[in-house]
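Q: This is the structure, below, for whatever I ask next.
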Amino acid sequence: MSVSAPAARVLRFNIFELDVRAGELRKRGLKLRLQGQPLEVLAILLQRAGDVVTREELRTQMWTADTFVDFDHSLHNAIARLREALGDSAETPRYIETLPRRGYRFIAPVEEIGVQKSQPPSQSTQAREAPVRERRSIGRLAIALTLLGLLFTGLGLWVVSAFSRHAIVAPPIHSLAVLPLANFSGDPSQDFFVDGMTDELITDLAKVSALRVISRTSVMRYKGTKKGLPEIARELNVDGIVEGSVTRSGQRIRITAQLLHAPTDKHLWAETYERDLGDVLRLQSEVAQAIAQQVRAQVTPQQQVQLRSARPVNPEAYEAYLRGRYYLSNQFTMAQPLNQAKSYFEESIKKDPGFALAYSGLADSYVYLSLFHQIPPEIAYQSATEALHRAAELDDTIGEVHDTLALLGWRFKWDWAAAERELDEAIALAPSYSCAHEDHAVYLGFMGRRDEALAELAKSKEMDPGPSSAMSEAGTFYQLRDWPRLVETSRRGIASNPNEWVEHYNLAVGYEGTNKLLEAISEYQKAVEISNGDQDAMAALAHAYAVIGKRYEAQKILRDLQQKSKTAYVSPYFFATIYAGLGEKDKAFEFLEKAYREKSLEIGWHLKADLRIDNLRSDLRFQKLLQRIGFPG
């Protein structure tokens, strides 16, 4: 079939259909996300099914003389993406056959539907039988003119826009979402690896201050979605969307990425990158740099250094790191996943002692193990500090390192100035790192700076607009003692994640703050059950029991925690809250003093906001305690 043949509206082959007017490739009636150059190549090959389409012909028809691109690379990428979409193989082709140094041939039967008889069939026959040397001389001009006519009639506006896209200024993109990359490895067990690649690409792009990049937690809910890109763009409030795939074969890794103007579903750019697994960090950095260049984002010299600082990494170390991040990202409030994450980070460091990200992950593991009462704070502080210092020695541009240092300054050292300084540095290094903005919002709430806290919370929600941000919102409203909004936020969190015990705990606190004690007790009970007996949840339940007059139940929990403290660390602060609920103020202050001496982590989180100790706040002993700790205002 010649390129000058009558233009068909739909070209069907096997289970696929190409609608040339709509610019859509469908598989069993479902639209595939394939646009731009790959579809152009497919349209030309289908119209010449059975014929060899030379590389020179493809160059003439698709790349104008004044277009400065790497033709070989671009054509290779287009064919590779076509084969991925069709499930085809260069070695054993079912659809696209490669003729080395010559071109390509579509070898499957093609059925034309809706042929437009704008030219007599004899012209098609004549064109097909024209000698090659005629097409390369005067015939080439005729083919080009015929193609131009077909672009405006047979192929329609889609191909026109694709043909001229190099001359049209791409729509401005100031915000970006990286959708979960597809696993093209043929092995579902590699999903964690592909999700990790998505996460790391987001992390790299978050360093570009000129872009607002949506967080991992917000985009992961679109994994496997059938929603259209314009709908996703509206939900995330972004201009651009990056989607693509990861193929891992042994020690080789290939990423295919494409950039689209989300509101119009317009293809802007696509590229394929392939490296050895040991160069995966450089590979991700190259993809991030290319995307930033395509959206014309201004990248500062410091950010350029950050993006180019990637080093080789031991493949086994990288895989262990991704497994650790998987557990840390998805289940950071439970003991078993936290310990698994810690083990994977330790394995990663053992495989590659120079891998900075692994030290950062290990530090996070220690911090969360202590925050959720699995190890004593002094052990966590020492181990996390050592890991962070090593990470900073290896790479001082990692925003996560400074975010974790801020938590150490706030919760462990009670160094408020250092905490804010590190949060500022984390945001400066990674302006779209949503966790740093969320931590900053909660910290500002803790400092009593309500307007600043709410402003930072709004900024964090621009990067993490999904339901996953509910926990950080709840933390901010807790520190501000805004109980009605704590209830509202926690309900939303439970709706999206009913098995997260912290959400039930936060809702219970909100209920208790709004004098709904029976509802509070019900939620505290759920938090205790789901968390397998977290100390904070147990102490809060005991306090609520004491307030409504169920002293026996409160004292039983008190005895259980006392028994537990003989074999594991239990913060003295929790005993203080139970005694406060029972009205035993002297015992409460005795344990508050002990918590102060031990630098209990609960001091830095609870002391200013906790309603369980409200009956102690007017006591002179409490005011003196605040002064000794150095609490602001």
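The values are calculated or read from the model by the stated rules, or taken from the named source; none is laboratory data. Since this is a predicted model, take the numbers as computed values, not measurements. Note: ideal-geometry Cβ built from the backbone for every residue, glycine included; neighbour counts use all protein chains shown.
Every residue, every condition in (1) β-branched (Val, Ile, Thr); (2) within 22 Å of Ala542 (Cβ to Cβ); (3) out of contact with any strand residue (DSSP E or B) (no Cβ under 7 Å at 6 or more places or on another chain); (4) part of a helix (DSSP H, G or I), yes or no:
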| position | (1), (2), (3), (4) |
| --- | --- |
| Thr476 | yes, no, yes, yes |
| Arg485 | no, no, yes, yes |
| Arg492 | no, no, yes, yes |
| Leu507 | no, yes, yes, yes |
| Glu512 | no, yes, yes, yes |
| Lys526 | no, yes, yes, yes |
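Q: Given the conditions (1) under 21 Å from Lys413 (Cβ atoms); (2) charged (D, E, K, R); (3) touching a Ser or Thr at 6+ places or on another chain (Cβ under 7 Å), which single one is not true for Arg628?
A: With (1) under 21 Å from Lys413 (Cβ atoms); (2) charged (D, E, K, R); (3) touching a Ser or Thr at 6+ places or on another chain (Cβ under 7 Å) applied to Arg628, the lone miss is (3).
Q: Would you be able to tell me the number of residues in the stretch 84-106 that are outside any loop (DSSP other than H, G, I, E, B) and acidic (Asp, Glu)?
A: To start, the set of residues in the stretch 84-106 that are outside any loop (DSSP other than H, G, I, E, B) comprises 84-86, 96-99, 103-106.
Right, trim to acidic (Asp, Glu) and you get 84, 97.
Residues in the stretch 84-106 being outside any loop (DSSP other than H, G, I, E, B) and acidic (Asp, Glu): 2 in total.
Q: Next up: Which ones in the stretch 514-556 are closer than 21 Å to Pro376 by Cα and either aliphatic (A, V, I, L, M) or crowded, with 20+ Cβ neighbours inside 10 Å (or both)?
A: The first filter runs over the stretch 514-556 and keeps only residues closer than 21 Å to Pro376 by Cα, leaving 528, 531-540.
Of everything in the stretch 514-556, those that are closer than 21 Å to Pro376 by Cα and either aliphatic (A, V, I, L, M) or crowded, with 20+ Cβ neighbours inside 10 Å (or both) turn out to be Val528, Ser531, Asp534, Gln535, Asp536, Ala537, Met538, Ala539, Ala540.
Q: From (1) at pLDDT 95 or above; (2) surrounded by fewer than 21 Cβ atoms within 10 Å (Cβ to Cβ), pick out the condition that doesn't hold for Arg449.
A: Here Arg449 meets the rest and fails (1).
Q: How about the stretch 548-626: which helices (runs of 4 or more DSSP H) wholly inside it have at least 1 residues that are free of Cβ contacts under 8 Å to residues at least 12 places away in the same chain and among the hydroxyl-bearing types (Ser, Thr, Tyr)?
A: Values: elements: 551-564, 572-581, 585-597, 601-606.
The qualifying helices (runs of 4 or more DSSP H) are 551-564.
Q: Right, next: Can you confirm whether the stretch 335-354 contains a residue that is touching an Asp or Glu at 6+ places or on another chain (Cβ under 7 Å) and surrounded by fewer than 21 Cβ atoms within 10 Å (Cβ to Cβ)? Don't jump to the end; show me each part of the working.
A: The initial filter retains those residues of the stretch 335-354 that are touching an Asp or Glu at 6+ places or on another chain (Cβ under 7 Å), namely 351.
Those still in the list that are surrounded by fewer than 21 Cβ atoms within 10 Å (Cβ to Cβ) too: 351.
Yes, the conditions are met somewhere in the stretch 335-354.
Q: Considering only the stretch 193-281, give the strands (runs of 3 or more DSSP E) lying wholly within it that have at least 1 residues that are touching a residue at least 60 places away in the same chain (Cβ under 8 Å) and out of contact with any strand residue (DSSP E or B) (no Cβ under 9 Å at 6 or more places or on another chain). Don't jump to the end; show me each part of the working.
A: On the way: elements: 240-249, 252-261, 266-276.
The strands (runs of 3 or more DSSP E) meeting that bar are 240-249.
Q: Right, another one. I'd like to verify a number: residues in the stretch 343-390 that are without any contact (Cβ under 8 Å) to a residue 40 or more places away in the chain and hydrophobic (A, V, I, L, M, F, W, C), how many?
A: Adding up the residues that qualify gives 9.
Every residue, every condition in (1) surrounded by 20 or more Cβ atoms within 10 Å (Cβ to Cβ); (2) out of contact with any Pro (no Cβ under 8 Å at 6 or more places or on another chain); (3) more than 22 Å from Ser185 (Cβ to Cβ); (4) at pLDDT below 85, yes or no:
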position: Ser249; (1), (2), (3), (4): no, yes, no, yes
position: Arg252; (1), (2), (3), (4): no, yes, no, no
position: Pro263; (1), (2), (3), (4): no, no, yes, yes
position: Glu286; (1), (2), (3), (4): no, yes, no, yes
position: Gln289; (1), (2), (3), (4): no, yes, yes, yes
position: Gln298; (1), (2), (3), (4): no, yes, yes, yes
position: Pro301; (1), (2), (3), (4): no, yes, yes, yes
position: Val305; (1), (2), (3), (4): no, yes, yes, yes
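Q: Within the stretch 419-435, track down each residue that is under 20 Å from Thr489 (Cβ atoms) and buried (at least 24 other Cβ atoms within 10 Å of the Cβ).
A: Residue satisfying the conditions is Ser434 alone.
Q: Sort out which residues of the stretch 566-616 are farther than 28 Å from Ser472 by Cβ, at pLDDT below 95 and of a type in the set (Lys, Arg), and write them in order of number.
A: Within the stretch 566-616, Lys566, Arg597 meet the criteria.
Q: Taking the stretch 373-387 as the search range and keeping residues that are part of a loop (DSSP other than H, G, I, E, B) and in contact with a Phe, Trp or Tyr (Cβ under 8 Å, 6 or more places away or on another chain), which one is farthest from Tyr573 (Cα to Cα)?
A: Going through the qualifying residues, I end up with Ile375.
Q: Name every residue in the stretch 8-26 that is among the basic types (Lys, Arg) and touching a helix residue (DSSP H, G or I) at 6+ places or on another chain (Cβ under 8 Å), in order of residue number.
A: Here is the first cut: in the stretch 8-26, the ones among the basic types (Lys, Arg) are 9, 12, 21, 26.
Passing the criteria: only Arg21.
Q: Kindly evaluate Asp51 against the criterion of being farther than 30 Å from Arg101 by Cβ and at pLDDT 85 or above. Explain how you work it out, then say what you get.
A: Working: farther than 30 Å from Arg101 by Cβ: no; at pLDDT 85 or above: yes.
In short, no.
Q: Then there is this: Just the residues that are closer than 23 Å to Lys599 by Cβ, aliphatic (A, V, I, L, M) and either buried (at least 22 other Cβ atoms within 10 Å of the Cβ) or modelled with pLDDT of 95 or more (or both), please, taken from the stretch 376-407.
A: Of everything in the stretch 376-407, those that are closer than 23 Å to Lys599 by Cβ, aliphatic (A, V, I, L, M) and either buried (at least 22 other Cβ atoms within 10 Å of the Cβ) or modelled with pLDDT of 95 or more (or both) turn out to be Ala380, Ala384, Ala387, Leu388, Val401, Leu405, Ala406, Leu407.
Q: Turning to a different aspect of this structure: Quick one: in the stretch 265-276, of everything that is within 21 Å of the chain's Cα centre (by Cα) and hydrophobic (A, V, I, L, M, F, W, C), which residue is surrounded by the most Cβ atoms within 10 Å (Cβ to Cβ)?
A: Here the answer is Ala270.
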